[in-house]
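Just below is one structure, and these are the notes that go with it.
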Amino acid sequence: MFCAVVAGESPADVVLDEPDLLGFLDRRPVFKGHVLLVPRTHVETLPDLPASLRDPFLEAAQRLATAVVEGLGAQGSFVAMNNTVSQSVPHLHLHVVPRTKGDGLRGFFWPRTRYEDGEAPTYAARLRETLPGPVTGGD
(Lines give C-alpha, C1' and ligand atoms only; values in the text may rest on other atoms or scores of the structure.)
Protein backbone atom coordinates (compact mmCIF):
# COMPACT_ATOMS: atom_id res chain seq x y z
CA MET A 1 0.00 0.00 0.00
CA PHE A 2 2.68 2.52 1.03
CA CYS A 3 4.76 2.04 -2.11
CA ALA A 4 1.66 2.34 -4.35
CA VAL A 5 0.76 5.68 -2.76
CA VAL A 6 4.29 7.04 -3.13
CA ALA A 7 4.39 5.91 -6.78
CA GLY A 8 1.08 7.68 -7.44
CA GLU A 9 -0.69 4.39 -8.24
CA SER A 10 -3.08 4.64 -5.29
CA PRO A 11 -4.90 7.73 -3.97
CA ALA A 12 -4.16 9.03 -0.49
CA ASP A 13 -5.13 11.80 1.91
CA VAL A 14 -1.86 13.71 1.63
CA VAL A 15 -0.72 15.78 4.60
CA LEU A 16 2.89 16.58 3.65
CA ASP A 17 4.05 16.80 0.04
CA GLU A 18 7.73 17.60 -0.43
CA PRO A 19 10.14 16.72 -3.26
CA ASP A 20 11.79 13.90 -1.29
CA LEU A 21 9.10 12.97 1.26
CA LEU A 22 5.39 12.19 1.30
CA GLY A 23 3.20 12.14 4.41
CA PHE A 24 -0.34 10.77 4.25
CA LEU A 25 -3.08 9.36 6.47
CA ASP A 26 -3.05 5.64 7.14
CA ARG A 27 -6.49 4.70 5.79
CA ARG A 28 -6.46 1.12 7.04
CA PRO A 29 -9.65 0.65 9.07
CA VAL A 30 -8.15 0.69 12.56
CA PHE A 31 -5.59 3.52 12.30
CA LYS A 32 -7.70 6.67 12.60
CA GLY A 33 -5.48 9.74 12.84
CA HIS A 34 -2.24 7.88 12.13
CA VAL A 35 0.13 9.43 9.57
CA LEU A 36 2.74 7.64 7.46
CA LEU A 37 5.90 9.41 6.30
CA VAL A 38 7.73 7.75 3.39
CA PRO A 39 10.75 8.81 1.31
CA ARG A 40 9.79 9.11 -2.35
CA THR A 41 12.84 7.00 -3.27
CA HIS A 42 12.60 3.40 -2.03
CA VAL A 43 14.68 2.94 1.13
CA GLU A 44 14.57 -0.35 3.03
CA THR A 45 15.69 0.68 6.53
CA LEU A 46 16.82 3.76 8.43
CA PRO A 47 20.56 2.94 8.04
CA ASP A 48 19.98 2.95 4.25
CA LEU A 49 18.57 6.48 4.30
CA PRO A 50 20.90 8.78 2.33
CA ALA A 51 22.70 11.37 4.45
CA SER A 52 20.97 14.15 2.50
CA LEU A 53 17.55 12.89 3.68
CA ARG A 54 18.31 12.12 7.33
CA ASP A 55 17.64 15.56 8.79
CA PRO A 56 14.65 16.36 6.54
CA PHE A 57 13.07 12.96 7.29
CA LEU A 58 13.38 13.27 11.06
CA GLU A 59 12.36 16.95 11.02
CA ALA A 60 9.25 16.08 9.00
CA ALA A 61 8.39 13.38 11.53
CA GLN A 62 8.66 15.96 14.31
CA ARG A 63 6.42 18.37 12.42
CA LEU A 64 3.82 15.66 11.80
CA ALA A 65 3.86 14.62 15.47
CA THR A 66 3.18 18.24 16.44
CA ALA A 67 0.36 18.55 13.89
CA VAL A 68 -1.36 15.41 15.22
CA VAL A 69 -1.54 17.08 18.62
CA GLU A 70 -2.50 20.57 17.44
CA GLY A 71 -4.67 19.68 14.46
CA LEU A 72 -6.47 16.55 15.64
CA GLY A 73 -6.66 17.13 19.37
CA ALA A 74 -4.53 14.15 20.40
CA GLN A 75 -3.08 14.54 23.87
CA GLY A 76 0.29 13.41 22.57
CA SER A 77 1.92 11.40 19.82
CA PHE A 78 4.81 9.07 19.23
CA VAL A 79 6.68 7.85 16.19
CA ALA A 80 7.18 4.18 15.33
CA MET A 81 9.81 3.14 12.78
CA ASN A 82 9.11 0.42 10.24
CA ASN A 83 9.82 -3.18 11.10
CA THR A 84 11.22 -4.83 7.99
CA VAL A 85 10.50 -8.31 9.35
CA SER A 86 6.74 -7.67 9.27
CA GLN A 87 6.60 -5.92 5.89
CA SER A 88 5.95 -7.89 2.72
CA VAL A 89 8.11 -5.33 0.86
CA PRO A 90 10.72 -3.88 3.21
CA HIS A 91 10.66 -0.11 3.10
CA LEU A 92 11.37 2.75 5.43
CA HIS A 93 8.42 4.60 6.86
CA LEU A 94 7.61 6.45 10.03
CA HIS A 95 4.25 5.95 11.64
CA VAL A 96 3.09 8.98 13.65
CA VAL A 97 0.57 7.73 16.20
CA PRO A 98 -1.91 9.78 18.26
CA ARG A 99 -1.45 8.84 21.90
CA THR A 100 -4.93 9.28 23.31
CA LYS A 101 -8.53 10.17 22.81
CA GLY A 102 -8.77 13.60 21.20
CA ASP A 103 -11.49 13.60 18.54
CA GLY A 104 -12.00 9.83 18.76
CA LEU A 105 -8.34 9.03 18.09
CA ARG A 106 -6.58 6.10 19.64
CA GLY A 107 -2.95 5.01 19.84
CA PHE A 108 -1.65 1.50 19.34
CA PHE A 109 -2.53 0.51 22.90
CA TRP A 110 -6.17 1.65 22.90
CA PRO A 111 -9.23 0.19 21.18
CA ARG A 112 -8.81 1.33 17.61
CA THR A 113 -11.31 3.52 15.79
CA ARG A 114 -12.39 3.60 12.13
CA TYR A 115 -12.95 6.69 9.99
CA GLU A 116 -16.55 7.59 9.26
CA ASP A 117 -17.41 7.99 5.56
CA GLY A 118 -15.76 11.14 4.23
CA GLU A 119 -13.96 11.88 7.50
CA ALA A 120 -10.38 11.18 6.39
CA PRO A 121 -10.12 14.13 3.95
CA THR A 122 -11.25 16.44 6.76
CA TYR A 123 -8.55 15.04 9.05
CA ALA A 124 -5.92 15.54 6.34
CA ALA A 125 -7.02 19.16 5.85
CA ARG A 126 -6.84 19.83 9.60
CA LEU A 127 -3.31 18.41 9.72
CA ARG A 128 -2.17 20.45 6.71
CA GLU A 129 -3.53 23.64 8.32
CA THR A 130 -1.55 23.14 11.52
CA LEU A 131 1.59 21.56 10.09
CA PRO A 132 4.60 23.68 11.06
CA GLY A 133 6.96 24.67 8.26
CA PRO A 134 10.29 22.91 7.79
CA VAL A 135 13.09 23.70 10.17
CA THR A 136 15.71 25.80 8.41
CA GLY A 137 19.34 26.26 9.31
CA GLY A 138 20.45 29.45 10.99
CA ASP A 139 23.35 31.02 12.79
Single unsatisfied condition, Asp17 versus (1) touching a Gly at 6+ places or on another chain (Cβ under 8 Å); (2) closer than 15 Å to Leu94 by Cβ: (2)
Output yes when any residue across region 45-62 is open to solvent by less than 80 Å² (accessible area, probe 1.4 Å), touching a residue at least 60 places away in the same chain (Cβ under 8 Å), closer than 17 Å to His95 by Cα and not small (Gly, Ala, Ser), and no when none is. yes
Only one of Val15, Val30 that is in contact (Cβ under 8 Å) with a residue 40 or more places away in the chain, closer than 19 Å to Ala74 by Cα and exposed (fewer than 14 other Cβ atoms within 10 Å of the Cβ): Val30
Set Ala125, Ala80: member being at pLDDT 85 or above, of a type in the set (A, V, I, L, M, F, W, C) and over 19 Å from Ser10 (Cβ atoms): Ala125
Scanning region 39-75 residue by residue, the ones that are in contact with a Ser or Thr (Cβ under 9 Å, 6 or more places away or on another chain) and part of a helix (DSSP H, G or I) total 10
Those residues that are more than 13 Å from the chain's Cα centre (by Cα) and either closer than 17 Å to Phe24 by Cα or at pLDDT 80 or above (or both), I need them from region 83-98; list them, please. His91
Just the residues that are touching an Asp or Glu at 6+ places or on another chain (Cβ under 6 Å) and modelled with pLDDT of 90 or more, please, taken from region 25-38. Leu25, Leu36
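The values are calculated or read from the model by the stated rules, or taken from the named source; none is laboratory data. The shown structure was predicted, so the numbers you read here are calculated from the model rather than taken from an experiment. Backbone-built Cβ (ideal geometry, glycine too); neighbour counts: all protein chains shown. These area figures cover heavy atoms from the full protein model, side chains too; ligands, DNA and RNA do not enter into them. Shrake-Rupley method; radii C 1.70, N 1.55, O 1.52, S 1.80 Å.
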